[in-house]
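Colleague: For reference, the structure I am asking about is given below.
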Amino acid sequence: MSRELPKDILKKYETTFSTVELPSVEVNRVAPKVTTVTNKMEKVLPTIKEAVEKTGLKDGMTISFHHHLREGDFVFNQVMAVIKEMGIKDLTLAPSSLTNVMNEMVIECIKAGIVSHITSSGMRGSLGEFISRGGMENPVILRSHGNRPRAIESGEIKIDVAFLGVPTTDNYGNANAVYGKSVFGSLGYAKVDAQYADKVVLITDNLVPYPNTPISIPQTQVDYIVEVDAIGNPDKIGAGATRFTKDPKELKIAETVKDVIVNSPYFKEGFSFQTGTGGAALAVTRYLKEEMKAKDIKASFALGGITKPTVELLEEGLVAKVLDVQDFDKGAAEGMAQFENQQEIDASFYAGPHNKGAVVNQLDVVILSALEIDTQFNVNVMTGSDGVLRGAIGGHQDAATAKLTIISAPLVRGRIPTVVKDVTTLITPGSSIDVLVTEIGIAINPLRQDLVDIFKNIKRIPVFTIEELQQRAEKIVGVPEPLQFTNRVVACIEYRDGSLLDVVKEIKPYKE
């Protein structure tokens, strides 16, 4: 695929993307600076401000957060308000991702010179608009959930201070997210930060007697602890993403996804899978559950961002294990405390490409979404049809390495085509995508002739070429006006190995 990559950006990267088939390489990992703690020292501090002062945070450093509480997060704004008040400048913000509740604070901090660089998995809403319209001098770096731990382990992201919200900890820093009033289940992203940051500050609303178990973040990695009134609202973790859809189009897509899985060579005893959130993905889980019962097939494990319907499969014995890096709703988070086989894993274990084997390497089937997919099966989940940042890479690139990668998406959304000739922003290369499922039928990547041969004999599943689907979409909504950008790069898109994949340019005010 050919993407226009500016020379000044290319100079900052050792490599550009070449293949999804990553080679085995030898890498060196960095180690954090450790300030030892004696038996005369206390870790619990009365305020966030005192913790920030104790860490020695100063101009030019890098700070990190995790986003497990998603739209219910209270920690980020509390900490950034203190940093803003203290007048610290030129920070690099390196959270696992940014959610809408963080947007206004981030914009304020950029305008005030407090934040000058950002690396994240995604951004949306007002922050996405702000960045897309040139609100920040330095380009944002966007990485997948597997690429972020790779970058931390290699030292490309050097975290000086990690501020990590935890629902429960003791006074020495043994923390978990499965008990307390703000449970969010897995601490998968935060575990990497705790392991590699020079200073680790836990923010909690539930300080419990020592020793606190189970231990997700151990005391050996924690410098300071601050107790606050509330770290978040777990009822807002899902924020609509886990609704049970009644939309006929979504149900049709979900049923076809189920048919593709069931008729593939991967639907057999001991198979593994990952699904996401959203109405169609949750409906797939429900349909798949009925097929598994009917054919007496059980899965070996389910992976990734976990939802309550996935935990129900575990509870009913249809899935043997759940490997949990993030919980997408309160129901899934509460499952962590109930089920021994819902195993917390960190983000490197989940999808890091530069370790001794990530779980995504063992994945049979994954169902992913798309804002756009083009005739080369390339997928965009980051920018909207207007070119504005309004999504996240998440685990999209990482999980797309499964044996069967399915994209579920409608042919069009309103007046916007989903299947296009060229994606606006390349996030997941088409060579890792196997099947597109829409409401009118499927398209199979020609690279998967084995699947073409299977599905040409299944008459109830209409099979089109991807070009035919693109033309159908174009016939429905017409040909969109080309987007207009300036030459200024506002975001760099990395592939999961850290190579430069694409860039996002500043939106140009529309002119006819």
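The values are calculated or read from the model by the stated rules, or taken from the named source; none is laboratory data. None of these values were measured; they are calculated from a predicted model. For neighbour counting, all protein chains shown are included, and Cβ atoms are generated from backbone atoms with ideal geometry for every residue, glycine included. Remember, those area values only see protein heavy atoms, side chains included, never the ligands or the DNA or RNA. Shrake-Rupley method; radii C 1.70, N 1.55, O 1.52, S 1.80 Å.
Yes or no, residue by residue, for (1) of a type outside the set (Val, Ile, Thr); (2) modelled with pLDDT of 90 or more; (3) over 30 Å from Asn457 (Cβ atoms); (4) surrounded by 17 or more Cβ atoms within 10 Å (Cβ to Cβ):
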site: Ser216; (1), (2), (3), (4): yes, yes, yes, yes
site: Asp229; (1), (2), (3), (4): yes, yes, yes, no
site: Lys252; (1), (2), (3), (4): yes, yes, no, yes
site: Val260; (1), (2), (3), (4): no, yes, no, yes
site: Phe273; (1), (2), (3), (4): yes, yes, no, yes
site: Gly278; (1), (2), (3), (4): yes, no, yes, yes
site: Lys289; (1), (2), (3), (4): yes, yes, no, yes
site: Asp296; (1), (2), (3), (4): yes, yes, no, no
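Colleague: Further, regarding this structure: Can you pull out every residue in the range 2-25 that is within 26 Å of the chain's Cα centre (by Cα) and loosely packed, with under 10 Cβ neighbours inside 10 Å?
Modeller: Those that are within 26 Å of the chain's Cα centre (by Cα) and loosely packed, with under 10 Cβ neighbours inside 10 Å: Ser2, Glu4, Glu14, Glu21, Pro23, Ser24, Val25.
Colleague: Considering Val101, Val106, which residue is of a type in the set (A, V, I, L, M), closer than 20 Å to Thr119 by Cβ and in contact with a Leu (Cβ under 6 Å, 6 or more places away or on another chain)? Let's see the steps before the verdict.
Modeller: Values: Val101 fails: in contact with a Leu (Cβ under 6 Å, 6 or more places away or on another chain).
Being of a type in the set (A, V, I, L, M), closer than 20 Å to Thr119 by Cβ and in contact with a Leu (Cβ under 6 Å, 6 or more places away or on another chain) holds for just one of Val101, Val106, which is Val106.
Colleague: Within the range 90-146, considering only strands (runs of 3 or more DSSP E) that don't extend past its boundaries, which have at least 1 residues that are touching an Asp or Glu at 6+ places or on another chain (Cβ under 7 Å)?
Modeller: Working: elements: 91-93, 115-120, 140-142.
Where strands (runs of 3 or more DSSP E) fall fully within the range 90-146 and carry at least 1 residues being touching an Asp or Glu at 6+ places or on another chain (Cβ under 7 Å), they are 115-120, 140-142.
Colleague: Another question about this same structure. For the range 386-397, enumerate the residues that are over 21 Å from Tyr266 (Cα atoms) and not in a loop (DSSP other than H, G, I, E, B).
Modeller: Correct list: Leu389, Gly391, Ala392.
Colleague: Another question about this same structure. Working only within the range 110-123, note down all residues that are among the hydrophobic types (A, V, I, L, M, F, W, C) and crowded, with 17+ Cβ neighbours inside 10 Å. Give the derivation first.
Modeller: Of the range 110-123, the ones among the hydrophobic types (A, V, I, L, M, F, W, C) are 110, 112, 114-115, 118, 123.
Within the range 110-123, Ile110, Ile114, Val115, Ile118, Met123 qualify.
Colleague: If you don't mind, there's one more thing I want to ask. Is there a residue being over 30 Å from Ala351 (Cα atoms) and in contact (Cβ under 8 Å) with a residue 24 or more places away in the chain anywhere in the range 397-410? Even if it seems obvious, please write down each step before you answer.
Modeller: Going residue by residue through the range 397-410, those that are over 30 Å from Ala351 (Cα atoms) are none.
No.
Colleague: Tell me which residues, restricted to the range 478-512, are assigned to a loop (DSSP other than H, G, I, E, B) and aromatic (Phe, Trp, Tyr).
Modeller: Tyr495, Tyr510
Colleague: If you don't mind, another one. I'd like to verify a number: residues in the range 82-109 that are open to solvent by 20 Å² or more (accessible area, probe 1.4 Å) and not hydroxyl-bearing (Ser, Thr, Tyr), how many? Full working, then the answer.
Modeller: Going residue by residue through the range 82-109, those that are open to solvent by 20 Å² or more (accessible area, probe 1.4 Å) are 82, 84-87, 89-90, 92, 100-101, 104-105, 108.
Adding the requirement that they be not hydroxyl-bearing (Ser, Thr, Tyr) leaves 82, 84-87, 89-90, 100-101, 104-105, 108.
Within the range 82-109, residues that are open to solvent by 20 Å² or more (accessible area, probe 1.4 Å) and not hydroxyl-bearing (Ser, Thr, Tyr) number 12.
Colleague: Within the range 489-506, which residues are open to solvent by 20 Å² or more (accessible area, probe 1.4 Å) and out of contact with any helix residue (DSSP H, G or I) (no Cβ under 8 Å at 6 or more places or on another chain)? Steps first, answer last, please.
Modeller: So the first thing to find is which residues in the range 489-506 are open to solvent by 20 Å² or more (accessible area, probe 1.4 Å), and the list is 497, 505-506.
Listed by number, the list holds a single entry, Lys505.
Colleague: Shifting gears a bit: Residues being buried (at least 24 other Cβ atoms within 10 Å of the Cβ) and within 15 Å of the chain's Cα centre (by Cα): count how many of those fall in the range 332-369.
Modeller: Total satisfying the criteria: 9.
Colleague: While we're here: Does Gly56 satisfy being at pLDDT 95 or above, surrounded by 11 or more Cβ atoms within 10 Å (Cβ to Cβ), touching a strand residue (DSSP E or B) at 6+ places or on another chain (Cβ under 8 Å) and closer than 21 Å to Ala194 by Cβ? Reasoning before the result, please.
Modeller: Values: at pLDDT 95 or above: yes; surrounded by 11 or more Cβ atoms within 10 Å (Cβ to Cβ): yes; touching a strand residue (DSSP E or B) at 6+ places or on another chain (Cβ under 8 Å): yes; closer than 21 Å to Ala194 by Cβ: yes.
In short, yes.
Colleague: Can you work out which of the residues in the range 93-118 that are among the hydroxyl-bearing types (Ser, Thr, Tyr) and within 17 Å of Leu164 (Cβ to Cβ) is farthest from the chain's Cα centre (by Cα)?
Modeller: Looking only at the range 93-118, we keep the residues that are among the hydroxyl-bearing types (Ser, Thr, Tyr), and these are 96-97, 99, 116.
Now drop any that are not within 17 Å of Leu164 (Cβ to Cβ), which leaves 96-97, 99.
Values: Ser96: 8, Ser97: 7, Thr99: 11 Å.
Top of the filtered list is Thr99.
For every residue, the table says whether it meets (1) within 21 Å of the chain's Cα centre (by Cα); (2) surrounded by 20 or more Cβ atoms within 10 Å (Cβ to Cβ).
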residue	(1), (2)
Gln376	no, no
Val381	yes, yes
Ala402	yes, yes
Ile433	yes, yes
Leu451	no, yes
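Colleague: Among the candidates Val311, Val262, single out the residue that is of a type in the set (Val, Ile, Thr) and within 22 Å of Asp235 (Cβ to Cβ).
Modeller: On the way: Val262 fails: within 22 Å of Asp235 (Cβ to Cβ).
The unique qualifying residue is Val311.
Colleague: Next up: Quick one: in the range 151-204, of everything that is of a type in the set (Asp, Glu) and assigned to a loop (DSSP other than H, G, I, E, B), which residue is nearest to Pro46 (Cα to Cα)?
Modeller: Out of the qualifying residues, it is Asp170.
Colleague: Does Ala302 satisfy being open to solvent by less than 20 Å² (accessible area, probe 1.4 Å), modelled with pLDDT of 90 or more and within 21 Å of Val381 (Cα to Cα)? Give the derivation first.
Modeller: Values: open to solvent by less than 20 Å² (accessible area, probe 1.4 Å): yes; modelled with pLDDT of 90 or more: yes; within 21 Å of Val381 (Cα to Cα): no.
The answer is no for Ala302.
Colleague: Can you pull out the residues in the range 394-420 that are closer than 17 Å to Ile466 by Cα and of a type in the set (S, T, N, Q)?
Modeller: Thr405, Ser408, Thr418
Colleague: Please work out which residue is nearest to Thr119 (Cα to Cα), limiting yourself to the range 36-85 and to residues that are basic (Lys, Arg) and part of a helix (DSSP H, G or I). Before the answer, list the steps.
Modeller: Step one: of the range 36-85, the residues basic (Lys, Arg) are 40, 43, 49, 54, 58, 70, 84.
Next cut, part of a helix (DSSP H, G or I) only: 49, 54, 70, 84.
Details: Lys49: 24, Lys54: 25, Arg70: 17, Lys84: 19 Å.
Looking at residues that are basic (Lys, Arg) and part of a helix (DSSP H, G or I), I get Arg70.
Colleague: Another question about this same structure. Restricting to the range 373-418, name every residue that is more than 22 Å from Ser272 (Cβ to Cβ) and of a type in the set (Gly, Ala, Ser).
Modeller: Those that are more than 22 Å from Ser272 (Cβ to Cβ) and of a type in the set (Gly, Ala, Ser): Gly384, Ser385, Gly387, Gly391, Ala392, Ala409, Gly414.
Colleague: Still on this structure, I have one more. Could you tell me whether Val192 is closer than 23 Å to Val82 by Cβ and either crowded, with 24+ Cβ neighbours inside 10 Å or touching a strand residue (DSSP E or B) at 6+ places or on another chain (Cβ under 7 Å) (or both)? Break it down into steps so the answer makes sense when it comes.
Modeller: Details: closer than 23 Å to Val82 by Cβ: no; either crowded, with 24+ Cβ neighbours inside 10 Å or touching a strand residue (DSSP E or B) at 6+ places or on another chain (Cβ under 7 Å) (or both): yes.
No.
Colleague: For the list (1) out of contact with any helix residue (DSSP H, G or I) (no Cβ under 6 Å at 6 or more places or on another chain); (2) farther than 30 Å from Ala347 by Cβ; (3) open to solvent by 60 Å² or more (accessible area, probe 1.4 Å), I need the number of the one condition that Thr486 fails.
Modeller: In the conditions (1) out of contact with any helix residue (DSSP H, G or I) (no Cβ under 6 Å at 6 or more places or on another chain); (2) farther than 30 Å from Ala347 by Cβ; (3) open to solvent by 60 Å² or more (accessible area, probe 1.4 Å), Thr486 misses (3) alone.
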